[in-house]
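Encoded as structure tokens, the structure appears first; notes follow it.
The values are calculated or read from the model by the stated rules, or taken from the named source; none is laboratory data. None of the values given here were measured: they were computed from a predicted structure. When we count neighbours, we look across all protein chains shown, and the Cβ atoms used for this are built from the backbone with ideal geometry, even at glycine.
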Amino acid sequence: MPFKRYVEIGRVALVNYGKEYGQLVVIVDVIDQNRALVDAPDMVRSQMNFKRLSLTDIKIDIKRVPKKKTLIAAMEAADVKGKWEKSSWGRKLIVQKRRASLNDFDRFKLMLAKIKKAGVVRQELAKLKKETAA
Amino acid sequence: MVGRRVSYNWWGGEGVLCVAGDSLGEDTICSGGELTAKGGQKEVMLVVMLDEMVGAMRRAIFTAQQYREQLFGPNNISRALHDITLNTPLYISPFQGFFSALDPSRTGTHSTHTERESKSRREKMKTILSSETMDLPDGVKIKVKAKMIEVEGPRGKLTRDFKHLNLDFQLITDEETGKRKLKVDAWFGSRKTTAAIRTALSHVGNLINGVTKGYRYKMRFVYAHFPINASITNGNKSIEIRNFLGEKKVRKVDMLDGVTILRSEKVKDELVLDGNDIELVSRSTALINQKCHVKNKDIRKFLDGIYVSEKGTIVEEE
């Protein structure tokens, strides 16, 4: 039950509400009980309410309010992007984005692939059933 | 009028730290603050714009500069102008005789918030994290799952659930000594939840005690004329009391789960209640005590009853 992901300087978080929805940001300072100063390589450093952030497991090593260059260097050193894309949460988000961006032809191809996969699975199942019945 | 807006003297004067509701001495005068005269003692209700310090101060705690730095970090004047809840110590300057605080020409910005708003603001202070740990002795096995604590020891097993509290319980191992500890956290707790941490630990301590040493409560019969006649029935699980104050009514008390009662052999008119759970043992003694209350009489004179004489443990330790 104890908490493992703490709000601290260097914690990487995902924005879950608002204009920057879906972006990964780094908590760079804590303003007060409800707000944090947040920064990312491609955005202006700004304040955000904690309610808009979902904490991740990733943490980078920075001092309070680093310059943009130091922040980017620290993010490269910790390989935030790589870790995120390998993590199950990150992979799920990528899949969701892909599915949302399919066009009709893609969905058609997807349907055929699903049918084919289901057919192969059913064949194997039938073989196993025959073995146990015999 | 209770105020919210406060500002500081940032050219480094010295003054007195106080909180809203403090009483000041007779001749401590607040500059620009609103004071009420309450039976001769002035009470701080509101502190507003602070002016320059004049005269010697009496109870300086530290300078405005240091105070401001402590709260907000050095060189951060803008922070000093934020709203502060009334729980934060405010800062007033003592004026030795120059201006009366009640002089309207010296009052600064007035607050227009009602008392009720400020009261609810006062209750909002939340401590980010408060936690406390407790050593666990060897010889007891403790399981913590979902706010249910289960303690097992030589005398038996006890469980207690703390689901009514908003606390995190976890078992940790201390780094240097390697001993096991129970840690209780309260995140963003009000005063009451922070207070509940230590009581939860005390309850767990009682569970551990009960399971290792047990609880033994002794009660004595007190009577002036009519000897209290008590017989233990039902295999040490209930007691019948007769002839209390000469009454014909027979009082029967059943002990709670896990509590046994017996009449002490060597000592005259004594009952001994034993059990593992302190709550049950003490509640059983209370039930016996309450059955023997005197009615419709002056209780200062009619002192009869069965009273708790000793609260101890079963296993004595020398």
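For every residue, the table says whether it meets (1) away from chain B (no Cβ under 14 Å); (2) in contact with a strand residue (DSSP E or B) (Cβ under 7 Å, 6 or more places away or on another chain); (3) surrounded by fewer than 11 Cβ atoms within 10 Å (Cβ to Cβ).
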residue	(1), (2), (3)
A:Lys4	no, no, yes
A:Ala13	yes, yes, no
A:Tyr21	yes, yes, yes
A:Arg35	no, yes, no
A:Ala40	yes, yes, no
A:Ser46	yes, yes, no
A:Lys59	yes, yes, no
A:Arg64	no, yes, yes
**Q.** Failed condition for B:Ile197, given (1) in a loop (DSSP other than H, G, I, E, B); (2) more than 21 Å from B:Asp277 (Cβ to Cβ)
**A.** (1)
Q: Being within 14 Å of chain A (Cβ to nearest Cβ), farther than 11 Å from B:Ser131 by Cβ and not polar (S, T, N, Q) is the filter here, so list the residues in region B:166-180 that pass it.
A: B:Leu171
Q: Tell me, please, whether a residue that is in contact with a Lys or Arg (Cβ under 6 Å, 6 or more places away or on another chain) and over 19 Å from B:Leu280 (Cα atoms) can be found in region B:142-157.
A: yes
Q.
Take the conditions surrounded by 12 or more Cβ atoms within 10 Å (Cβ to Cβ) and touching a residue at least 24 places away in the same chain (Cβ under 8 Å) and apply them to B:Arg242. Does it pass?
A. no
Q: Starting from region B:181-194, keep only residues that are within 13 Å of chain A (Cβ to nearest Cβ), then list their pairs with residues that are of a type in the set (Ser, Thr, Tyr) and in a helix (DSSP H, G or I) whose Cβ atoms are within a distance under 8 Å, requiring at least 6 positions of separation or different chains.
A: B:Ala186/B:Thr193; B:Ala186/B:Thr194
Q) Which numbered condition trips up B:Thr199, out of (1) in contact (Cβ under 8 Å) with a residue 24 or more places away in the chain; (2) surrounded by fewer than 18 Cβ atoms within 10 Å (Cβ to Cβ); (3) over 19 Å from A:Tyr6 (Cβ atoms); (4) not aliphatic (A, V, I, L, M)? A) (1)
Q.
Would you confirm whether or not region B:204-214 contains a residue that is part of a loop (DSSP other than H, G, I, E, B) and either buried (at least 17 other Cβ atoms within 10 Å of the Cβ) or among the β-branched types (Val, Ile, Thr) (or both)?
A. yes
Q. Of the numbered conditions (1) at positive phi; (2) away from chain A (no Cβ under 14 Å); (3) at pLDDT 60 or above, B:Thr159 satisfies every one except a single condition; which is it?
A. (1)
Q: Could you please find all residues in region A:95-130 being surrounded by fewer than 10 Cβ atoms within 10 Å (Cβ to Cβ) and in a loop (DSSP other than H, G, I, E, B)?
A: A:Ser101, A:Asn103
